[in-house]
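For reference, the structure is listed below as structure tokens.
Quick note: the coordinates plus some simple rules give every number you see, no bench work behind them. These figures come from a predicted structure and were not determined experimentally. Every residue, glycine as well, gets a Cβ built from its backbone with ideal geometry; the counts of neighbours run over all protein chains shown.
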Amino acid sequence: MSTALTRARRLRKASHRRQSGRLLAEGAHVIAEALATGHAPLEAFICRAEATDEVRALAARIAAPLHDLLPRELAEIADTRTPQGLVAVFSEPPPPPAPFSRPGLWLVLDRVRDPGNAGTLLRAGEAFGARGVIALHGSVDLWSPKALRAGQGAHFHQHVLVAGAAGVDEDVLAAFHGAGGEVWAAQTGGEDIYDAPPPPALCALAVGNEAEGLDDHVLAAAGRRVAVPQRGRTESLNVAMAGVVLLSWLARGARGARGARGAPGR
């Protein structure tokens, strides 16, 4: 047991997650979504003193070693102040061999460093049928506990590609273009998204750093620059708010989107 807890504790650090290819999922909803998409945990931890009936029922569905913890032990691996009593270890889903072989909508994160914003964007992408997300260098670890929690299980319903990670091209945008994809860049002063034509069959929305926007190389690769028109006095929308609006509009014309809920398109 002490060995299992030590392994899980190490996964709080991004470096250990990258080295091991494993992640910590916390809370009933996130774990339930992972199970619903066929992702089986490697092991799980439960604190029965803090677990609700819903959490206990979910834990009973886990066909992997289930370790009982004391509240103080759960606090060592949980990321929330009031954990729900269940944490599970999963293998990071591998990227598909040809992620851009089918049409659909993608999300590109360029140096988006806030895990809450990143998770919210993944959640919006899943809601609007995106096939996946591409994280460029400098973006937050999408498998961090905070990003997973903000995504509310969306990570497991779409492809998550991290530039330079195992099985993903260092210049993943070049691979996207090579497959016939077009990038639309979210940029203040860009074309009014409501005046834009329907997106191409394989399209990616690129959103940038919360303070600095998109990097020049991403802007140079973009076929179109779009923005959310504002009528009020607010200076600007944050990256998550703008991304949600833009994704919802792009989804109206995206062809070949993911399809049935429950697994990423292949």
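Measuring r between the beta carbons of A75 and N238 and using R0 = 51 Å, the FRET efficiency lands at 0.95.
Once divided by 2.2 N^0.38 Å, the Cα radius of gyration of region 28-81 becomes 1.10.
For the chain, the antiparallel share of DSSP beta bridges with both residues in that region comes to about 25%. As a rough guide to protection, the peptides 93-99, 188-194 ranked by mean Cβ packing within 10 Å, highest first, stand as 93-99, 188-194.
Size check on region 2-91: the Cα extents along the three principal axes, sorted descending, read 35, 31, 21 Å. Multiplying the residue separation of S15 and A98 by 0.36 nm and subtracting their alpha-carbon distance yields 27.2 nm. Here the extension length gained between S91 and A60 equals 9.2 nm, from 0.36 nm per residue of separation less the Cα-Cα distance.
Taking label positions 7 Å along the Cα-Cβ direction at both D169 and Y194, the computed distance is 3.7 nm, reported to one decimal.
What the Cβ-Cβ distance of A127 and D68 gives, at R0 = 45 Å and to the nearest 0.05, is a FRET efficiency of 0.80. Normalised by residue number, the volume inside the convex hull of the Cα atoms of region 104-251 is 102 Å³ per residue.
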